[in-house]
Structure formats: C-alpha cells, structure tokens
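For reference, the structure is listed below as structure tokens.
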Amino acid sequence: MSDSIREIIIQNFMARVAIITIANGYKTDCGANVERVRKNLDPSELPASVIWPGVEKVEQSYGELTCTMSIRVEGIAKFGSANPSVLSEKILADLKKCILSGWIRSPDYIDKIIYTGGGTDEYPDDGMIAVGAFALFDLTYTQKLDDPYLQ
C-alpha cells in the first residue's frame, strides 16, 4: 500500500465532495472543481470546493491508535443576482448532505463522521462576485500502533 490510511481518507473525501452538482440533486455545483489546500481560486475556477485536512487527536490502546482527524471543506460559488446569504446557505446544506447522508466508505476505513459546525465566515463586499460557506467534520479511524498504513 503506497498511501497512509489518512491519505486514503482524504482522497475519498475529495471524491465524495465531487458529487455536489445540480445534476446529482444538489442545489449548487460546488463539486465541479475540488481542490486541496488552495487559498486563492481564480473566478474562472468557480464553483469549487476546497478540502483542508486538519490536525488529529489520538487515543492509544492495545496495539492500535484511534485517530480523529478534522477536515474543513469550503464551497465557493459566484452569486450573480442572487442574495449571497441565500447562496451560502445552499452551499452549507449541500456540504452537509453530501458528507452525512449516503456516505459510501470504500475502502471501509472510516469508523465515524461527525459534523462539528459550519457556516459563512464573511459575506462579500460590494464589487465581489463570489460567496462561500464551510463545514467542519471529525472523521475517526483506527490504525495499527506502529503502522499508519494498516488497520
């Protein structure tokens, strides 16, 4: 196995977020472009989502580690003539729906997913064209004490 369990989870998370499209029954197309750890997106890349893997907390017991990693996912879209607050609420709802309902774990590394918060940090100023929302998730998985590649 070339990737750690954590890396596989991040890749699966990104693949899952990519299903956020209107064609798939969502209210936005924030899955059209899924990026990883990008601070600045060009307006031509919108709508988009950005995945931010965070720190993890660990408990050790009987030769294994139980790891809880945080992932922040941001959805960003142009609001056009729509109210940016209305669009940001649709983005947040899409992020929560995508991750919390119908999550198919393949491979089955994730023991638990918890939504821990989200919303819009900042609404756009005059002249801005895009708005975003974020959702925070804690994902729990186990790994062998001495090998981050094995459960």
Task: Leading residue by the ranking (surrounded by the most Cβ atoms within 10 Å (Cβ to Cβ)) among those in the range 2-51 that are small (Gly, Ala, Ser) and farther than 21 Å from Glu89 by Cβ - done: Ala18
TODO: Collect the residues in the range 10-22 that are in contact (Cβ under 8 Å) with a residue 40 or more places away in the chain, assigned to a helix (DSSP H, G or I) and within 18 Å of Ser101 (Cβ to Cβ), keeping them in residue-number order.
DONE: Asn12, Phe13, Arg16, Val17
TODO: Give the residues of the range 38-83 that are free of Cβ contacts under 8 Å to residues at least 12 places away in the same chain and acidic (Asp, Glu), sorted by residue number.
DONE: Asp42, Glu59
- [ ] Check whether at least one residue in the range 119-132 is modelled with pLDDT under 90, surrounded by 13 or more Cβ atoms within 10 Å (Cβ to Cβ), over 13 Å from the mean Cα position of the chain (by Cα) and among the charged types (D, E, K, R), and report yes or no.
- [x] no
Open item on the list: If a residue must be over 21 Å from the mean Cα position of the chain (by Cα) and among the aliphatic types (A, V, I, L, M), how many such residues does the range 69-86 contain?
Closed with: 1
Open item on the list: Residues that are in contact with a helix residue (DSSP H, G or I) (Cβ under 6 Å, 6 or more places away or on another chain) and closer than 19 Å to Phe137 by Cβ: does the range 54-68 have at least one?
Closed with: no
Open item on the list: Exactly one of these conditions fails for Gly31: (1) part of a loop (DSSP other than H, G, I, E, B); (2) closer than 24 Å to Gly127 by Cβ; (3) among the small types (Gly, Ala, Ser). Give me its number.
Closed with: (2)
Open item on the list: As an exercise: evaluate Ile71 against (1) buried (at least 19 other Cβ atoms within 10 Å of the Cβ); (2) over 23 Å from Ala130 (Cα atoms) and give the number of the one condition it does not meet.
Closed with: (2)
Open item on the list: Just to be sure I understand the filter: pairs with C-beta atoms under 7 Å, separated by 6 or more residues or on different chains, first member in the range 84-100 and surrounded by fewer than 23 Cβ atoms within 10 Å (Cβ to Cβ), second member part of a helix (DSSP H, G or I). Which pairs pass?
Closed with: Ile99/Arg16
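Do you know which of the residues in the range 52-68 that are among the acidic types (Asp, Glu) and more than 17 Å from the chain's Cα centre (by Cα) is surrounded by the fewest Cβ atoms within 10 Å (Cβ to Cβ)?
Restricting to residues being among the acidic types (Asp, Glu) and more than 17 Å from the chain's Cα centre (by Cα), the top hit is Glu59.
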- [ ] Any chance you could count how many residues in the range 101-117 are modelled with pLDDT of 85 or more and on the phi > 0 side of the Ramachandran plot?
- [x] 1
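The values are calculated or read from the model by the stated rules, or taken from the named source; none is laboratory data. Bear in mind the structure is a predicted one, so any value in this text is a computation, not a measurement. No Cβ is skipped: glycine too gets one built from the backbone with ideal geometry, and neighbour counts run over all protein chains shown.
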